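Student: This structure is in structure tokens; I'll ask about it shortly.
The values are calculated or read from the model by the stated rules, or taken from the named source; none is laboratory data. The structure presented is a predicted model; accordingly, all values stated were derived computationally and were not measured. Counting neighbours? That spans all protein chains shown, and the Cβs are built from the backbone with ideal geometry, glycine included.
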Amino acid sequence: MNTVIKLSAISLIALSSIARAAYDTPSAATSMSHAWKAADSSKGKIFTDPSGKSLYTFKKDTSGVSNCDGACATAWPPFAAKAGASTKGAWTIVSRKDGSQQWALNGMPLYYFAADKAAGDVRGDGIGGIWDLARPAKASMQTPSTSTY
């Protein structure tokens with residue numbers, strides 16, 4: 001049993017390192033003209049960052065509150081908002097427990113999935129029954145002005 005726990009811990013550390021390397025600077029996306037865009041995927045219309053990386057919501061979050069920290073945030077990096085970014089319509093910014101800022105859609109914080117390596121990857125959709133792709137709705141299709149990012 002002790003060996004299983006040690007191997008699990010080593011595996012988690014290795015996965016965390018790989019995940020962090022894949023998303024070393026997720027906040028870089030918010031320095032582009034728009035923080036997000038709607039895109040077609042194999043799962044239908046979804047929201048992505050400007051480079052096409054899929055965005056997800058976490059069912060254990062509540063409106064305006066991220067509950068994904070530590071190892072969770074390593075596997076599911078937050079979609080960081082640049083300091084001073086402006087919100088519009090359904091797109092808001094929430095403060096994380098560590099003081100950083102994160103984009104939210106209809107109050108729900110947004111995340112990347114570390115195993116999504118390329119634009120258009122949607123590997124995180126439905127994982128554990130608690131992770132879903134962020135999908136457009138008529139009210140959330142508004143985009144911010146390009147001067148604020």
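Student: Within the range 104-139, can you find the residues that are acidic (Asp, Glu) and at pLDDT below 95? Give the steps one after another, and end with the answer.
Tutor: Taking the range 104-139 first, the residues acidic (Asp, Glu) are 116, 121, 125, 132.
Hits for the range 104-139: nothing passes.
Student: Please go through the range 65-90 and give me each residue that is outside any loop (DSSP other than H, G, I, E, B) and touching a residue at least 40 places away in the same chain (Cβ under 8 Å), ordered by number. Write out each step before concluding.
Tutor: Pass one, the range 65-90, residues outside any loop (DSSP other than H, G, I, E, B): 65, 71-75, 78, 80, 88.
Passing the criteria: Val65, Ala71, Thr74, Ala75, Pro78, Ala80, Lys88.
Student: Let me confirm something: among Gln142, Gln101, which residue is polar (S, T, N, Q), farther than 17 Å from Ser54 by Cβ and modelled with pLDDT of 95 or more? Steps first, answer last, please.
Tutor: Details: Gln142 fails: modelled with pLDDT of 95 or more.
Exactly one of Gln142, Gln101 is polar (S, T, N, Q), farther than 17 Å from Ser54 by Cβ and modelled with pLDDT of 95 or more, namely Gln101.
Student: Another question, if that's okay. Could you grab me the full set of residues in the range 112-137 that are outside any loop (DSSP other than H, G, I, E, B) and surrounded by 13 or more Cβ atoms within 10 Å (Cβ to Cβ)? I'd like the intermediate steps shown before the answer.
Tutor: Of the residues in the range 112-137, the ones outside any loop (DSSP other than H, G, I, E, B) are 127-129, 131-133.
Within the range 112-137, Ile127, Trp131, Asp132, Leu133 meet the criteria.
Student: Considering only the range 35-45, I want to know if a residue exists there that is at pLDDT below 90, closer than 16 Å to Ala134 by Cα, in a loop (DSSP other than H, G, I, E, B) and touching a helix residue (DSSP H, G or I) at 6+ places or on another chain (Cβ under 9 Å).
Tutor: yes
Student: Under 7 Å by Cβ, and 6 or more places apart or on different chains, what pairs join a residue from the range 91-107 that is under 10 Å from Ala81 (Cβ atoms) with one that is of a type in the set (Ser, Thr, Tyr) and in a strand (DSSP E or B)?
Tutor: Partner pairs satisfying both residue conditions: Gln101/Ser95; Ala104/Thr92.
Student: Could you check how many residues of the range 46-64 are loosely packed, with under 15 Cβ neighbours inside 10 Å and in a strand (DSSP E or B)?
Tutor: 1
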